[in-house]
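Worksheet: one structure, shown below.
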Amino acid sequence: MENDVNLDELDLKRILKLYPEYDYAFGPYVHNQTGRKIIRLATKAIRTIPYPRALMEIHLGRRLEKDETVDHIDGNFNNNHLSNLQLLSQSEHSKMDNRRVLYISPIICPMCGTEFTPSNKRINGKKDYDLKRAKRKTPFFCSRKCVGKYGKKLQTDPNFQRIEQQTLTIIYGKLKDLNKLENNEP
């Protein structure tokens, strides 16, 4: 792969200087299950480290701290060029890579006609009344006042028809994809 950086014998020796408890360094190899590149360190025991981590450690001349991780800027884990790698803390990396709701389409309240966007908590059913609503397929309302009006009409007006839940457009993704979404990038 043209974007890839390959370790030479000198780099493998540099890795061994960073990991003095090991006698041999091999790789990079492609991990069978993940498809990502790894480096194997060996003595009597064998340890594998991610290839991008090894590249960053060689570049910095030190082992990464326990809370440090290497992120692929473009999201392509096969692009291991140093210009595509960035050092992040575990918490920063998880904030960027966690899947979350990026966009929820606005809908119209069936009782008052107000346009509103349901919150993430209501969409994901984090509140008890929303969990019950999701099971019954009742619509979203802009406020508790409108929910009350809807319930009262259902109980008192025999001609009132049950309202179907509106279709929502929800886009899930990673925080680092949000900029692409806002800038209309592919």
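Throughout, read-outs are computed from the coordinates displayed, never taken from laboratory work. Because the structure is predicted, anything quoted here is derived from the model rather than measured. Positions of Cβ are generated from backbone atoms using ideal geometry, with glycine treated the same way; all protein chains shown enter the neighbour counts.
Among 150-159, 22-31, 57-66, sorting by the average number of other beta carbon atoms lying within 10 angstrom of each residue, highest first, gives 22-31, 57-66, 150-159.
Classification of the range 9-96 by its C-alpha gyration tensor yields a prolate form. The axis ratio a/c (a ≥ b ≥ c) is 1.5 or more, and a/b outweighs b/c. What the Cα convex hull of the range 41-88 gives, in volume per residue, is 86 Å³.
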